[in-house]
Each structure stands twice: as structure tokens, then as C-alpha cells.
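The next block holds one structure in the form of C-alpha cells; read it before the comments.
The values are calculated or read from the model by the stated rules, or taken from the named source; none is laboratory data. All values derive from a computational prediction rather than experimental measurement. Note that we place each Cβ from the backbone using ideal geometry, even for glycine, and neighbour counts take in every protein chain shown.
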């Protein structure tokens, strides 16, 4: 069942069809919530977002993609949560422990690569919030510029310029650190 | 080298980094099932109509058009519930600018609370021991505070109202809490206190979204939960 059909059937109240959509986008929705700062409440945020998405499915424009539409709801829910908690939106994600294990025959090279990744993640964390959100959408969620614009509610030109500024800053950081 | 070429490697590095981020997620089928369960549950929003009927019935009893000292806010309905007086107005009321503490509020150790108030005091098991506990107005109100702005007030719900809340739209949603009906007040709203001495009204502060309910003779208000579902879940852990 593709998205279109699942949405059409969900609109008729078919919850089994909607379950297919939820399962399909669950991992990406969690990733979005975590990367936007939901921390250990990501599961709550994601469930709430899927419930809201179902109830507002009629407002979804069928010619646009379901993915950015859903992720916008996830981003908004996360924003509401961090605001209600009195927190700033922060990138709290860590490198996974398995990253090093990917090159077992070259432990030293793997350690250097892991260290560089950790520094790059630190640099992304330190970006001004808007640039960071753009970079997170484009590279960590691997969304297109148009999708990023929809998720963040910005014009495409703004996505481009903020991504560009964020990358310039990261490039500069990486240059300083590794010569 | 053009700047775009220089960006290429940082872009590639970012994409590689994306694969090494530790982003745990529950099994998708589990999320799908949980969402389905929530969608099949009765919708609190649908019950809003019933709330209006309740409000109208109450208006018949206490039809009031009151002008407050502060702002001549027109009150169109009053509901007294769980020791709280909800004053429903046509517009969103002006926020309380300066927060004030409850009268006679002082901090007490958790294990000494029971001796200082006239009703059984409980705590939210889901959140563990509160960071701070206060007793106010000669033992009428117990307040517990947890991190992230979560606050639980407990007070004798049989007596005259202790708190008043001014509400514009959106009006409260009914929600089931621990087997009883409570109300979820979704918006930020002015909160005040009606003191024992002479019934004077003390504006307290601008309260965040709050769940109110009565359990036995004790009134409860839980403030600071991010969603109605989370508030109801926390309230369910009252022990």
C-alpha cells in the first residue's frame, strides 16, 4: 500500500491503513523529535503527533508529500514540549557506541574518525539555532530543501541561506581543528 | 576551489555523521498499535459539548455578570469544582503581570507534611520524591514541585473554593483521571487564591496548562505537564 492509498483509506476511517503509515514513518518521526530536543519524551511527542496528524488528515494537501507534512507536526509538538518545559531547543543526541566497531581491523583509524565525528557533532550543536535546524533537516534527516522549508515553515530561500551559513561555520570549525 | 566544492566534503561528513547518531526508537509496529489504541479511545474534545451543558446548568444556578477589581472582565459562567472556581469569560483575560506566593506559604520536609494539614496528602509516584514541598494558609494547601516546572497542589475540595481561574477560549476539556472526571485547561490563564481570612482574592500568577480533579474530598491541580495525556498519566500515579 503506498502513501496515497493509505491516506485515502485513513480518511475513510480505516485505522489499519493508518497503522501502516505510522509504522512506515515511526523511525523518522522519532529521529526528528530527538534531533529537535525532545530527549526522553520523544515517544510521547511522536504518538501525540501521529494522533494529531490523523485528526487533521483532511487538511493534508494530497499533492504534497506526507513526510514533510507529518514532520512539521512532529517539529511543532517538540517545540511545544521544550517551551512548556522551559528548555531551549538543543541538540542533545550522542554518537552511537557502535560507530567505532565499524572498522575492526584499523582501531586507530577508527578512533581518529570517531573523534572527528564527535567534534563535528559538537560544532553542529554550537551552531546558532536557525542554522542548526536547517543543517539537521538537510543532513541528519536527509530532507530536500523544499521539504526542509515545509517542516520548518520557512521560505526555500531562507533554508538555502541558513544552510549555507551553517555549513560555512562548520567548515571553518573543522579547518581550525584539523588544519 | 569554489566554496561549493569546499562544502562538498563537509556535506559528505555530515551525511556520514547522520548514520552514527544514537537515536533510539521503539519498534514501529508498537508505535502503530499505541497510536491506534489512542485513536480508538473516546475523544475528550468531542465531550466539550457536554462541558458546555454543564456550564450552562451551573449558570442557571449562579447567573453572574461580575466585574473584577482589576480589569472589568465580564464573566459569563462560573463553575465551582474541586475547590476551584472557574470563571469563564468571552475574551482571553489579561495575564497576571507579577507572580505572588500563596498566603503564609513555607517550605516543609515531605515527612512532616502529614502532621500539618487536615486531609490525607499523596504524591505523584511516577515522578518520585518532589524537589520541594510547601504548606500554605494554615494548612489549607499543600504544593509539591518537581523539575521541569511540574507542580501539584492539593487542598480540601469540600469547602468553599480556594483558587479561582479566569478563562477565555479555549474552554476546558473533560478528561478521565483515575476513575473520576477532571478538566484539562489547555491554555495559560490567570490564577488567584481566595484566602481564608475574609475571603479576599489574591492574584497569584499566570498558570500554564493545568489538569484539575477531585479525588475523595481532596481537590487537585496539576500544572506543567506538556499534554493532557501526560497530565492524566501523572495524575493516575497519585499514591
Requested in this report: Any chance you could count how many residues in the stretch A:53-66 are within 18 Å of residue A:15 (Cα to Cα) and more than 10 Å from chain B (Cβ to nearest Cβ)?
Outcome: 6
Report task. Among what's in the stretch B:173-195 and is at pLDDT below 75 and closer than 28 Å to residue B:239 by Cβ, pick the residue that is farthest from the other protein chains (Cβ to nearest Cβ). Result -> B:179
Requested in this report: Filter the stretch B:208-226 down to the residues that are free of Cβ contacts under 8 Å to residues at least 60 places away in the same chain and outside any strand (DSSP E or B), then identify the one that is surrounded by the most Cβ atoms within 10 Å (Cβ to Cβ).
Outcome: B:226
Report task. Kindly check whether there is at least one residue in the stretch B:69-81 that is under 25 Å from residue B:227 (Cβ atoms), modelled with pLDDT under 80 and either touching a helix residue (DSSP H, G or I) at 6+ places or on another chain (Cβ under 6 Å) or surrounded by fewer than 17 Cβ atoms within 10 Å (Cβ to Cβ) (or both). Result -> yes
Requested in this report: Would you be able to say whether some residue in the stretch A:102-112 is assigned by TED's automatic domain parsing to the domain that holds residue A:144, at pLDDT below 90, surrounded by 15 or more Cβ atoms within 10 Å (Cβ to Cβ) and part of a helix (DSSP H, G or I)?
Outcome: yes
Report summary line: Taking the stretch A:140-179 and the residues there that are part of a loop (DSSP other than H, G, I, E, B) and facing chain B (nearest Cβ under 9 Å), the one that is surrounded by the fewest Cβ atoms within 10 Å (Cβ to Cβ) would be A:142
Query raised in the report: Among (1) at pLDDT 50 or above; (2) within 24 Å of the chain's Cα centre (by Cα); (3) at the interface with another protein chain (Cβ under 10 Å from one of its Cβ atoms), which single condition is residue B:44 missing?
Result: (3)
Query raised in the report: From the set of residues in the stretch A:57-75 that are more than 18 Å from residue A:144 (Cα to Cα) and touching a residue at least 12 places away in the same chain (Cβ under 8 Å), which is surrounded by the fewest Cβ atoms within 10 Å (Cβ to Cβ)?
Result: A:58
Query raised in the report: Is it true that some residue in the stretch A:28-41 is touching a residue at least 24 places away in the same chain (Cβ under 8 Å), more than 12 Å from the chain's Cα centre (by Cα), more than 16 Å from residue B:23 (Cα to Cα) and buried (at least 18 other Cβ atoms within 10 Å of the Cβ)?
Result: no
